[in-house]
1. If each of Asn74 and Lys43 carries a label point 7 Å out from its Cα toward its Cβ, how far apart are those two points in nm?
2. When we measure straight from the Cα of Lys43, which aspartates and glutamates land under 19 angstrom away, once same-chain ones fewer than 8 places off are left out?
3. Could you list which residues have their amide H under 5 Å from that of Leu86, counting only those 5 or more apart in sequence or on another chain, with H placed in the peptide plane?
4. Can you work out ³J(HN,Hα) from phi for every residue in the stretch 111-124, in order, using Karplus 6.51 cos²θ - 1.76 cosθ + 1.60 and θ = phi - 60°, giving whole Hz and x for Gly and Pro?
5. Which residues does the label zone of Ser124 cover in the stretch 1-39, counting backbone N under 19 Å from a point 7 Å along Cα→Cβ?
6. Please work out the FRET efficiency for the pair His27 and Gln82, using the Cβ-Cβ distance as r and a Förster radius of 41 Å; give the result to the nearest 0.05.
7. Which three extents, in whole angstrom, do the alpha-carbon atoms of the stretch 37-124 cover along their principal axes, largest first?
8. Please report, in debye to the nearest 20, how large the charge dipole of the chain is about its Cα centre when each Lys and Arg carries +1 at its beta carbon and each Asp and Glu carries -1 there.
Amino acid sequence: QVQLVESGGGLVQAGGSLRLSCAASGHSFGTYTLGWFRQAPGKEREFVAAISWSGSTTFYADSVKGRFTTSRDNAKNTVWLQMNSLKPEDTAVYYCAAKRGTGAYTSHYAYEYWGQGTQVTVSS
């Protein structure tokens with residue numbers, strides 16, 4: 001069982017930056033793949049980024065590639081999402097999620113544990 005708590009959301013102007021954190025509790029955090037998803041009002045939840053259990057492999061949606069970076073520290077049970085050059089279309093509730101095993105990084109159905117989400121609003 002893994003419990004996830006996101007923080008770091010807020011209101012920022014277009015072109016600005018935010019850093020989201022996801023703190024985990026529970027056993028074997030270092031064995032889970034961690035993913036970031038977002039959901040805007042009236043839209044489906046979409047994949048943003050994922051990082052393998054070791055941190056050696058990362059995956060990004062095309063819409064955020066080159067602007068967002070995910071990283072993790074297993075000793076601190078924390079994963080981060082650094083978001084730069086933010087755009088109004090990045091406005092959404094951002095969730096971190098955890099899954100066992102490899103593969104299916106971009107599918108939210110594959111993730112077993114979810115945080116409560118944190119709001120990111122980018123003004124134009």
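The values are calculated or read from the model by the stated rules, or taken from the named source; none is laboratory data. All values derive from a computational prediction rather than experimental measurement. Methodologically, a virtual Cβ is constructed for each residue, glycine included, from the backbone with ideal geometry; neighbour enumeration extends over all protein chains shown. When the accessible area is computed, the model is the full protein with side chains, heavy atoms only, and any ligands, DNA or RNA have been set aside. Shrake-Rupley method; radii C 1.70, N 1.55, O 1.52, S 1.80 Å.
1. My value for the distance between the label points is 3.3 nm.
2. Asp62, Glu89, Asp90
3. Gly15, Gly16
4. 8, 8, 10, 9, x, 7, x, 9, 7, 10, 10, 10, 8, 8
5. Once the point is set 7 Å along Cα→Cβ of Ser124, 11-17 turn out to lie under 19 Å by backbone N, inside the stretch 1-39.
6. Values: r = 27 Å, r/R0 = 0.66.
It comes to 0.90.
7. For the stretch 37-124, the Cα spread along each principal axis is 37, 24, 23 Å.
8. 140
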